[in-house]
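Written below as structure tokens is the structure these notes are about.
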Amino acid sequence: MQSAPGVLPVNLGIIMDGNGRWAKRRFLPRSLGHDAGMKRIVKLVDSVRAAGIKYLTLYALSTENLSRPQEELDGLYVLFRRYFEEYAPRLVESDVEIRIIGDLSALPQDVAEKMTAVCARSKKDAAFHLVFAVNYGGRAEIVRAANLAAEMGGKVTEENFSRFLYTWGIPDPDMIIRTGGELRLSNFLLWQSAYSELYFTDTLFPDFDEKELGRALREYARRNRRFGRV
Ligand code: FPP
């Protein structure tokens, strides 16, 4: 689905990088950096919604992240459990749709089930949509879609191909913010980011507060989005 021109992004994507360094700077274990990252998500969802943005897409775990040490992954799964037990159900009750993109089959079964159960209770026509990319990789998503399209047969077009992506029904991200200083997309929404405005900041994700969000949104409003036209 083509993203829309306007002063505010309809869908804001965030690559949440820098939790590990945030912890290291404080001589804390990496797990506490992720914990601070989860607390940041809780606040950011409120700020993004209050700003009038309709979709927030968060890169919570890439397919490549699954090769991290088991201890770190176990710590992340503890946070996923906590988020989907304590915070996500309250959001669903306050008119938020929660959706997961990615392959949940590689996650511990109880985590996958908790996530799926909350998503199933969400209303598709909610006022705000929170999308978590979990065990997600853009290339894997495109290959999966290509296989599904091949099974269907017939001519592939951009429009019918996008129906096989995890993101079907979600507008393309108008802006993608990456925290933590790296200047790359790291396999996030490769198909969908064709015309996304990219915004990179050195701020580490746990420090990405409302003020930083405001700075990014003001920058977005200044961008001249031409979608390939003159
Ligand atoms: C990248 O920082 C972050 C991740 C791999 C995980 C993101 C997870 C959270 C923000 C918290 C939990 C999420 C949910 C949905 C409850 P990094 O560890 O690569 O940081 P570094 O580059 O400084 O090492």
- [ ] Within the stretch 5-33, work out how many residues are among the small types (Gly, Ala, Ser), more than 10 Å from the ligand (Cβ to nearest atom) and crowded, with 23+ Cβ neighbours inside 10 Å.
- [x] 1
Task: Tally, over the stretch 58-85, of residues that are in contact with a Ser or Thr (Cβ under 9 Å, 6 or more places away or on another chain), within 12 Å of the ligand (Cβ to nearest atom) and not aliphatic (A, V, I, L, M) - done: 5
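Answer yes or no: is there a residue in the stretch 165-178 that is within 14 Å of the ligand (Cβ to nearest atom) and in contact (Cβ under 8 Å) with a residue 12 or more places away in the chain. So that I can check it myself, show each step before the final result.
Step one: list which residues in the stretch 165-178 are within 14 Å of the ligand (Cβ to nearest atom), which gives 177-178.
Now restrict to residues that are in contact (Cβ under 8 Å) with a residue 12 or more places away in the chain: 177-178.
Yes, some residue in the stretch 165-178 is within 14 Å of the ligand (Cβ to nearest atom) and in contact (Cβ under 8 Å) with a residue 12 or more places away in the chain.
No value in this document is a laboratory result; all are computed from the given coordinates. Every value quoted in this text rests on a predicted model; they were computed, and no experiment measured them. Counting neighbours? That spans all protein chains shown, and the Cβs are built from the backbone with ideal geometry, glycine included.
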